[in-house]
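Q: Starting off with a structure, shown below.
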Amino acid sequence: MTGFTGSSGSTGSTGDTGAVGITGPTGVATGALIGQQVLAAGAGQTYTPTAGTHEFVVECVAGGGGGGGIPTLLAATAASGGGGEAGGYFRDAVTTNLQASYSVTVGAGGSGGAAAGDNSGDGLVGGPTILVDGGSGITYTATGGSGGPHGSATTAMTNGGAGGSASQSGGTTATVVLVSGNPGEFALALATTQEAAAGNGGGSYFGGAGTGQINSGAGLPGNHGGGASGAGLYNSGVLPVPGSVGGQGGDGLCIFTEYA
């Protein structure tokens, strides 16, 4: 019959250390910049974070207002339209509960006022910019800038439009920044001095206001949510001259800066 198993012997000495393996690829540092995405004017858009994004900063501006137009001018008369206002602006950092996608509407700039001496000569309001964060339940809204009023040969000074606003609803965050757009500037038309100074557009957070010209006719456009300038002209001739349109307000935009 088999006898009892004896006790184990002592453990032998440790063998030599093996060779070092191949170094793996370097990972992305936490908080490192991944890149940016920019959305131009348009409704029903979607922002989809780039793979690897763990937080992002969003900043958006609404569309700027159009500049005011002026009607047909008789000899030795002057008219100038007011400047359109800038769209509102918001910025926030989204650092938790990131979603696969976000619904975005970016407002277009308002059209310039027609070459007319009635309300059709008023510049149109810019479109709103809206971001919906389904994770937090917060909706960010920036309203478009108002259009500049039309000018006429019987009005020496025409006011500009007021600036758009920004807000958040459905919750609040400590990092949000809400900025109203700058108002459009007044226009001045004096036949006695043969001068028609069109109103400047209001500048947005990104700038982009249309600059009012003197005796130059049609207004200049805004950019990046800035308001357009109004039209302005003095008729130095003896025959009537056609009216001039206001400038086109600047389209809004959204910038998403992404971090690992």
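The values are calculated or read from the model by the stated rules, or taken from the named source; none is laboratory data. In this text, all values refer to a predicted model and were calculated from it rather than measured experimentally. Every residue, glycine among them, receives a Cβ derived from its backbone with ideal geometry; neighbour counts consider all protein chains shown. Remember, those area values only see protein heavy atoms, side chains included, never the ligands or the DNA or RNA. Shrake-Rupley method; radii C 1.70, N 1.55, O 1.52, S 1.80 Å.
Q: State which residue is nearest to Ala189 (Cα to Cα) when the search covers only segment 205-252 and only residues that are out of contact with any Asp or Glu (no Cβ under 9 Å at 6 or more places or on another chain), outside any loop (DSSP other than H, G, I, E, B) and open to solvent by 20 Å² or more (accessible area, probe 1.4 Å).
A: Among residues in segment 205-252 that are out of contact with any Asp or Glu (no Cβ under 9 Å at 6 or more places or on another chain), outside any loop (DSSP other than H, G, I, E, B) and open to solvent by 20 Å² or more (accessible area, probe 1.4 Å), the one nearest to Ala189 (Cα to Cα) is Leu233.
Q: Which condition does Thr154 not pass, out of (1) outside any loop (DSSP other than H, G, I, E, B); (2) more than 18 Å from the chain's Cα centre (by Cα), if it passes all the others?
A: (1)
Q: Name the residue that is most open to solvent (accessible area, probe 1.4 Å), counting only residues in segment 169-204 that are part of a loop (DSSP other than H, G, I, E, B) and of a type in the set (Ser, Thr, Tyr).
A: Per the stated criteria, the residue is Thr172.
Q: Just to check your reading of the model, which residue among Gly117, Gly123 is within 30 Å of Phe186 (Cα to Cα), modelled with pLDDT under 95 and either outside any strand (DSSP E or B) or in contact with a Ser or Thr (Cβ under 7 Å, 6 or more places away or on another chain) (or both)?
A: After applying the criteria, what remains is Gly117.
Q: Can you confirm whether Leu190 is of a type in the set (A, V, I, L, M), over 30 Å from Thr50 (Cα atoms) and in contact (Cβ under 8 Å) with a residue 12 or more places away in the chain?
A: Answer is yes for this residue.
Q: Just the residues that are farther than 19 Å from Gly226 by Cβ and open to solvent by 10 Å² or more (accessible area, probe 1.4 Å), please, taken from segment 119-132.
A: Asn119, Ser120, Ile130, Val132
Q: So if I check each of Ala116, Ala142, Ala86, Ala76, which one is surrounded by 17 or more Cβ atoms within 10 Å (Cβ to Cβ), farther than 24 Å from Ser165 by Cα and small (Gly, Ala, Ser)?
A: Ala116
Q: Moving on to the next point. What's the number of the condition Asn97 fails, among (1) at negative phi; (2) over 18 Å from the mean Cα position of the chain (by Cα); (3) open to solvent by 30 Å² or more (accessible area, probe 1.4 Å); (4) of a type in the set (S, T, N, Q)?
A: (1)
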